[in-house]
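Student: Mind having a look at this structure? Questions to follow.
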Number of protein chains: 2
Amino acid sequence: MNEGSSDVAAVEQANTRFYLAFETLDLARMELVWSHGEHVKCVHPGWPILVGWDAVRSSWATIFENTAEMRFTLSDVRASACGDLAWVTCTENIFSEVHGRLAVTSVLATNLFERGPEGWRLVHHHASHILAAAPERDSPNN
Amino acid sequence: MNEGSSDVAAVEQANTRFYLAFETLDLARMELVWSHGEHVKCVHPGWPILVGWDAVRSSWATIFENTAEMRFTLSDVRASACGDLAWVTCTENIFSEVHGRLAVTSVLATNLFERGPEGWRLVHHHASHILAAAPERDSPNN
């Protein structure tokens, strides 16, 4: 990995901005976090994959319309940068209120960032739930 | 994206090799597919994240010991390369036999590859199930 510590710090900041935008439930702020290309992709927990900025933007609009409150505490944040592409894994510890239902849950996320003229922008978000037992592969050994 | 079509083709081949290694249930073949660094990570569906090659390798050993048969048909394979880091998203349509139980299921995967002296090696695999309805975010709009 030909990464610099300043790159990693900048990527971690971009990752933090993503979750701050999510917490504000403000589509304009979320738009500033993402790249807007056709190669942009997003997997919300349990959803089919969304491909292209239009589909990804639309999903955030739907989520924000249906969410009253969303608070993240991130743990296990690990960032690596390699040239103009970087990846972050983290655990999203989430407090949310959707349709009047309060929920506290943990989600694993892989976030990919691409460096362009405007800095590091999100190009892929893959989030999934941690289950008590894995469905068709065996139980974890760690 | 400063990617070349030959890079993308090579990454797609590396992605195919990963699933062929998975189908053979042969740990030695799986070892050849992955980078062996401490930055290597893996999320099997529903599992907690595994960090570092030793933990990732051990998970494959456990899975292979507990799996009688595994057959993949990949769909929606999309690869992008940016310098020496590349990412692939795909749907794994899986036929498996675990503990005598046959299952057919669909899993979404994000696979990250890093180019080193030995070509493109897997550094991160994030796989998760597609659910009928998303648990705490709203239904998809596509």
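Student: Distances from B:GLY100 to the same position in the other copies: list them in nm, one decimal, shortest first, using label points 7 Å from Cα along Cα→Cβ.
Tutor: Counterpart label points of B:GLY100 in the remaining copies fall at 4.8 nm.
Student: Within the set of other residues whose C-beta is less than 10 Å from the C-beta of B:ARG115, count the net charge using Lys and Arg as +1 and Asp and Glu as -1.
Tutor: Its environment carries a net charge of -3.
Student: What are the distances, in nm and sorted shortest first, from the label point of A:ASP26 to the label points of the same position in each other copy, with each label point placed 7 Å from Cα along the Cα-to-Cβ direction?
Tutor: Spacings between copies for this position, smallest first, are 5.6 nm.
Student: Okay, moving on. If you wrap a convex hull around the Cα atoms of segment B:61-112, how much volume per residue is inside, in Å³?
Tutor: Per residue, the Cα convex hull of segment B:61-112 comes to 78 Å³.
Student: Each residue of segment B:14-20 in turn: what ³J(HN,Hα) in whole Hz from Karplus with 6.51, -1.76, 1.60 and θ = phi - 60°, glycine and Pro shown as x?
Tutor: Karplus-based 3J(HN,Hα) across segment B:14-20 equals 4, 5, 4, 4, 4, 6, 5 Hz.
Student: In Å and whole numbers, how far do the C-alpha atoms of segment A:1-63 stretch along each principal axis, longest first?
Tutor: If we take the Cα atoms of segment A:1-63, the spans are 36, 25, 22 Å.
Student: With the label 7 angstrom out along Cα to Cβ, how close does A:SER58 come to the same site in each of the other copies, in nm, nearest first?
Tutor: Going from nearest to farthest copy, the values are 4.5 nm.
Student: With an 8 Å Cα cut-off and a minimum separation of 6 or more residues, compute the relative contact order for chain B in percent.
Tutor: Averaging sequence separation for qualifying contacts and normalising by length gives 24 percent for chain B.
Student: Can you give the convex hull volume per residue for the Cα atoms of the protein assembly as shown, as a whole number of Å³?
Tutor: 121
Student: Using the Cα atoms of chain B to build a convex hull, what is its mean projected area in square nanometres?
Tutor: 9.6
Student: Follow-up. Based on other C-beta atoms within 10 Å, arrange A:VAL107, B:VAL51, A:VAL11 from fewest to most.
Tutor: B:VAL51, A:VAL107, A:VAL11
Student: Among A:LEU108, A:PHE95, A:LEU20, whose Cα projects farthest towards the positive end of the dipole of chain A, with charges put on the beta-carbon of Lys, Arg (+1) and Asp, Glu (-1)?
Tutor: Among A:LEU108, A:PHE95, A:LEU20, the one farthest towards the positive end of the dipole of chain A is A:PHE95.
Student: Given only helices, namely DSSP H runs of n ≥ 4 each adding -39500 (n - 2.57), what is the per-residue ellipticity at 222 nm of chain A, to the nearest 500 deg cm²/dmol?
Tutor: -9000 deg cm²/dmol
Every number here is computed from the coordinates shown, using simple stated rules; none is lab data. Because the structure is a prediction, the values reported are computed rather than measured. Neighbour counts run over all protein chains shown; Cβ positions are idealised from the backbone, glycine included.
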